[in-house]
Amino acid sequence: MRRLLRRGLLLALALVALLASPVVYVETMCRGDAVPAPALPLSAETRPEVRTLLTYPEWHIVHAYDDYAEVIRTGDPQDYGFTRAVTGYWGALCTLTRESAALGEIDTATRQLVHVIGVSFTVEMAMKALYEETLGRLATLVRGETRAPLDDLSAAQAATYARFLQQVPWYRYDFRADAAALRAAATDAFRDRERAFALGLEHRARAAYAGVIAGAVAATGADDLTLQMVVAGLPPEALEAVEGVTVLRPVEDGWEVETPRYRALTVLLAGWAEAGATFRDMAGNDRILFTAISDAPEAEGALLSLPRQGYGDTRHLFLVDVPELAERLRGLAAAGLRLEHVHDY
């Protein structure tokens, strides 16, 4: 019994060390030495500029779910590169942590967040890979080439979840409804019974964990869903014509406005840029990150380029001056790029 306990303890320590290794690597090997330039904010409400870089790791996970949904739309879960998704997360975090030195110090809460979600993502992908590469693969061999009904339903659910994450925190998703839908739609085919059981168990586990996270967020307070920026080149009535936008006051040659965040912000920034706007300041900052997609594996000026699974194209990360953002957005099509997301703070 002592021998088994000792082996179990050693295994647990080895697992902890393995999961901690990318955190240690990022903290020790991904340090930049640039000095932040002094800032002259125009917005009354400011946010740490470094967060425009450190929001990407969370979105990397969102993109990973979208990639997974695209892969299983026509393929099987074992066709997805789980390891690629994990190494892509830590590699991107290393690059962005190094680049963040030029924007300011990473606050403790943000530093903890990117590491906690990175470890959680690593564990989730490892567990999913362990199942899908073994029992899941066996179930597809028993099924044969013809997809079962729940292969298509689970792919549709994965795509719905990926879209949901574009604007809403993951813990608000109704995982139990997906589990119930799988159970109700399952036929007597072995693959359907396997999908209903395995994915149902996964959804119920996520639902339980989501309840814990939702309770913690309720106790500490949710993140602010709006931000302030200064926009020039458009009249105030055109700015307020966008749902969720409030014009606050005139600032120099522009207007300070309050806008929604996340996916809604990307859509309105693209629309304003196309209408001729320029952006003077965002949350007191003059640098901002955006991602764009192209069919080429590289893009001029990109901080990082990451191939997307299932799509056959590449995501590029660009850090630009806020006053240049509108012009860059207007020029994306000519450069063979498609806007994906503008990362706020």
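The values are calculated or read from the model by the stated rules, or taken from the named source; none is laboratory data. Source: prediction; values computed, not measured. Reconstructed Cβ throughout: ideal geometry from the backbone, glycine too, with neighbour counts over all protein chains shown.
I'm checking my understanding of the structure. Among residues of the range 260-288 that are among the aliphatic types (A, V, I, L, M) and in contact (Cβ under 8 Å) with a residue 60 or more places away in the chain, which one is farthest from residue 236 (Cα to Cα)? In this case the residue turns out to be 288. Close contacts from the range 178-191, counting a first residue that is over 15 Å from residue 142 (Cβ atoms) and without any contact (Cβ under 8 Å) to a residue 60 or more places away in the chain and a second that is surrounded by fewer than 20 Cβ atoms within 10 Å (Cβ to Cβ) and aliphatic (A, V, I, L, M), with Cβ to Cβ under 8 Å and a gap of 6+ residues or different chains, come to 179/207. Listed by position, the helices (runs of 4 or more DSSP H) contained in the range 234-345 that have at least 2 residues being outside the structural domain of residue 63 (by TED's automatic domain parsing) and basic (Lys, Arg) are 322-330.
When every residue of the range 63-74 is checked against the conditions, none turns out to be more than 30 Å from residue 140 (Cβ to Cβ), among the basic types (Lys, Arg) and touching a residue at least 24 places away in the same chain (Cβ under 8 Å).
Filtered by the rule that a residue be of a type in the set (Ser, Thr, Tyr) and either out of contact with any helix residue (DSSP H, G or I) (no Cβ under 9 Å at 6 or more places or on another chain) or exposed (fewer than 15 other Cβ atoms within 10 Å of the Cβ) (or both), the range 139-164 gives 146, 160.
Residues in the range 199-251 that are out of contact with any helix residue (DSSP H, G or I) (no Cβ under 6 Å at 6 or more places or on another chain) and among the basic types (Lys, Arg): 249 alone.
Please enumerate the residues belonging to the range 70-110 that are of a type in the set (A, V, I, L, M, F, W, C) and under 22 Å from residue 134 (Cβ atoms). Residues satisfying the conditions are 71, 72, 82, 85, 86. Of the residues making up the range 289-306, those that are of a type in the set (A, V, I, L, M, F, W, C), under 9 Å from residue 318 (Cα atoms) and touching a residue at least 24 places away in the same chain (Cβ under 8 Å) are 289, 290, 292, 303, 304. All of (1) of a type in the set (A, V, I, L, M); (2) under 25 Å from residue 321 (Cα atoms); (3) in contact with a Ser or Thr (Cβ under 8 Å, 6 or more places away or on another chain) hold for residue 19 with one exception: (2). Only one of the numbered conditions (1) in a helix (DSSP H, G or I); (2) surrounded by fewer than 20 Cβ atoms within 10 Å (Cβ to Cβ) is not met by residue 114, and that is (2). Of all the listed residues (283, 208), the sole one being surrounded by fewer than 17 Cβ atoms within 10 Å (Cβ to Cβ) and more than 20 Å from the chain's Cα centre (by Cα) is 208. Looking across the range 42-89, the residues that are more than 30 Å from residue 247 (Cα to Cα), touching a Ser or Thr at 6+ places or on another chain (Cβ under 8 Å) and part of a helix (DSSP H, G or I) come down to 72, 78, 86, 89. Comparison of 291, 266 shows that the only residue that is under 14 Å from residue 339 (Cα atoms) and crowded, with 22+ Cβ neighbours inside 10 Å is 291. Out of 97, 87, 74, one residue alone is surrounded by 19 or more Cβ atoms within 10 Å (Cβ to Cβ), among the polar types (S, T, N, Q) and modelled with pLDDT of 95 or more. It is 97.
Looking only at residues of the range 236-287 that are at pLDDT below 95 and touching a His at 6+ places or on another chain (Cβ under 9 Å), we find that the one that is farthest from residue 37 (Cα to Cα) is 263. Entry remark, the range 249-263: residues being over 24 Å from residue 103 (Cβ atoms) and crowded, with 18+ Cβ neighbours inside 10 Å number 1 in total. Can you tell me which residue in the range 8-41 is farthest from residue 99 (Cα to Cα), limited to those that are touching a helix residue (DSSP H, G or I) at 6+ places or on another chain (Cβ under 9 Å) and assigned to a loop (DSSP other than H, G, I, E, B)? Looking at residues that are touching a helix residue (DSSP H, G or I) at 6+ places or on another chain (Cβ under 9 Å) and assigned to a loop (DSSP other than H, G, I, E, B), I get 37.
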